[in-house]
Amino acid sequence: MKNARPVSQPSALTCVNDTSTQAQRERLLAALKELGAVNTLFARDTLNIMSPAARIKELREQGHKIDTDRLYIYDRDGRLHSRVARYVLMRQAQASD
């Protein structure tokens with residue numbers, strides 16, 4: 001018997017091979033919406049965005065309200081990093097008519 005579960009579209013968080021700046025902005029915004037906050041290490045390791053600060057700047061220029069906190073975070077190898085940016089989506093840009 002075949003599996004009766006519906007096939008869903010892949011999340012924007014799983015389609016990480018496109019490295020165009022537009023695709024990176026879309027992934028980062030989707031992650032911010034879905035997760036609430038994203039830090040630099042997560043953006044690089046999971047979202048395949050090597051310069052998340054630049055993408056955040058572009059999203060802010062589009063009108064998104066994104067706050068930045070600085071944290072101490074251990075990477076996946078157990079090394080402590082100081083002042084790692086954590087980005088929090090406070091408000092999305094208003095849709096233009």
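The values are calculated or read from the model by the stated rules, or taken from the named source; none is laboratory data. Note that this is a predicted model, so its numbers are computed, not measured. Every residue, glycine as well, gets a Cβ built from its backbone with ideal geometry; the counts of neighbours run over all protein chains shown.
Restricting the first residue to region 37-57 and requiring it to be among the hydroxyl-bearing types (Ser, Thr, Tyr), which pairs with a second residue that is at pLDDT 95 or above and surrounded by fewer than 18 Cβ atoms within 10 Å (Cβ to Cβ) meet a Cβ separation below 9 Å and a spacing of at least six or different chains?
Thr40/Ala53; Thr40/Ile73; Thr40/His81; Thr40/Val84; Thr40/Ala85; Thr40/Arg86; Ser51/Arg44
Filter region 53-97 for residues that are aliphatic (A, V, I, L, M) and farther than 24 Å from Thr21 by Cβ and give the result.
Answer for region 53-97, where residues must be aliphatic (A, V, I, L, M) and farther than 24 Å from Thr21 by Cβ: Leu71, Ile73, Leu80.
Being of a type in the set (D, E, K, R), within 14 Å of the chain's Cα centre (by Cα) and under 15 Å from Thr40 (Cα atoms) is the filter here; which residues of region 55-97 pass it?
Answer for region 55-97, where residues must be of a type in the set (D, E, K, R), within 14 Å of the chain's Cα centre (by Cα) and under 15 Å from Thr40 (Cα atoms): Arg55, Lys57, Asp67, Arg86.
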